[in-house]
């Protein structure tokens, strides 16, 4: 008796082999689109005056959004404020610096251009700016080169005022803003640090901060300035209950930047600026934090450092209209403070 062999059909298996890669590709595409939407926003989220751009330069590429106020007519040379977000934030997508600061409405009222660069998770998985990496503390490489390139591109494309380009950052973005003040004092007229630290903060041991003095890191920041060295006015805003970036970091930053200004003056840490320090205390009001405002000025009246230490505030950008995970509506209006500080200090 002959037996007919049974041949197992492989068609279903082959069909799945063809289908599975397609499913994987679709899932990956959806994930990528979702990440892009979170980081870069959606097309219909562009407001009046918003423009998305990509800067391309020797150091790579950088995505950013520009907000143009109604005063921009192609001829008026308007000031520029670059706002750099912190970790777990974006420039203009989800939990954005744009929403946190509400700079756009202020810019529309006062007449300045706002720039929101955004960090990609391909460079940092939680979207921090890599200000603690020495490779991102140099003039011609990494993030400083990219962000300075963005600033120059905005000035050229929108005919902005090159003597009034200012940078303000939060948390890791504040660290990057301070780095930009050291690496590009010829580009940025002022620097604002909200919950940030000094140039070279990565060298400071949190358990033994005195082992590295603010003068030690100040020498490095001054060296980065090179032949472009000048006194760049610095604004510091710090929460007294910040457990991510403790108040000591802001205190060091003020001493650090004061030392940078002293070195710029004559190359020596000799207190040659004859500094004057004044502090004003603002008491709490209904639903508002108390804070102190300290100014450090040179004998010629020029600003070296201004600082706001906010009682009861944690790791946040303060302001009554802020919208985001890292905002404190009971604090002073940081965006208004940043703009008024910038307005008073154009590039010499």
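Summary table
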| quantity | calculated |
| --- | --- |
| Qualifying residues in segment 31-64 (those that are surrounded by 13 or more Cβ atoms within 10 Å (Cβ to Cβ) and in a helix (DSSP H, G or I)) - the one modelled with the highest pLDDT | 45 |
| Residues of segment 222-254 satisfying the condition of being within 26 Å of residue 339 (Cα to Cα) and surrounded by fewer than 18 Cβ atoms within 10 Å (Cβ to Cβ) | 228, 230, 240, 241, 244, 247, 248, 251 |
| Residues located in segment 119-140, provided they are assigned to a loop (DSSP other than H, G, I, E, B) and out of contact with any helix residue (DSSP H, G or I) (no Cβ under 6 Å at 6 or more places or on another chain) | 119, 120, 121, 122, 123, 124, 125, 126, 127, 133, 138, 140 |
| Test set (1) assigned to a helix (DSSP H, G or I); (2) more than 25 Å from residue 166 (Cα to Cα) - residue 206 fails condition number | (1) |
| The listed residue being more than 19 Å from residue 92 (Cα to Cα) and crowded, with 16+ Cβ neighbours inside 10 Å, out of 153, 119, 137 | 137 |
| Some residue of segment 144-161 being part of a strand (DSSP E or B), within 17 Å of residue 65 (Cβ to Cβ) and either in contact (Cβ under 8 Å) with a residue 12 or more places away in the chain or under 11 Å from the mean Cα position of the chain (by Cα) (or both) | no |
| Residue match in segment 241-257 (condition: outside any helix (DSSP H, G or I), touching a strand residue (DSSP E or B) at 6+ places or on another chain (Cβ under 8 Å) and closer than 24 Å to residue 204 by Cβ) | yes |
| All positions within segment 274-314 that are surrounded by 12 or more Cβ atoms within 10 Å (Cβ to Cβ), farther than 14 Å from residue 235 by Cα and out of contact with any strand residue (DSSP E or B) (no Cβ under 7 Å at 6 or more places or on another chain) | 284, 288, 312 |
| Residue among 178, 115 that alone is under 11 Å from the mean Cα position of the chain (by Cα), farther than 19 Å from residue 230 by Cα and either at pLDDT 95 or above or in a helix (DSSP H, G or I) (or both) | 115 |
| Test for residue 265: is it more than 21 Å from residue 177 (Cα to Cα), in a helix (DSSP H, G or I) and modelled with pLDDT of 95 or more | yes |
| Output for segment 311-342, where each listed residue is out of contact with any helix residue (DSSP H, G or I) (no Cβ under 7 Å at 6 or more places or on another chain), within 21 Å of residue 167 (Cβ to Cβ) and either in a loop (DSSP other than H, G, I, E, B) or touching a residue at least 24 places away in the same chain (Cβ under 8 Å) (or both) | 315, 316, 331, 332, 333, 334, 337, 338, 341, 342 |
| Verdict on residue 216 being in a helix (DSSP H, G or I), surrounded by fewer than 18 Cβ atoms within 10 Å (Cβ to Cβ) and either in contact with a strand residue (DSSP E or B) (Cβ under 7 Å, 6 or more places away or on another chain) or without any contact (Cβ under 8 Å) to a residue 40 or more places away in the chain (or both) | yes |
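The values are calculated or read from the model by the stated rules, or taken from the named source; none is laboratory data. Predicted model, so just to flag it, every value in this text is computed and none were measured. Because the Cβ atoms are built from the backbone with ideal geometry, glycine has one as well, and the counts that use them run over all protein chains shown.
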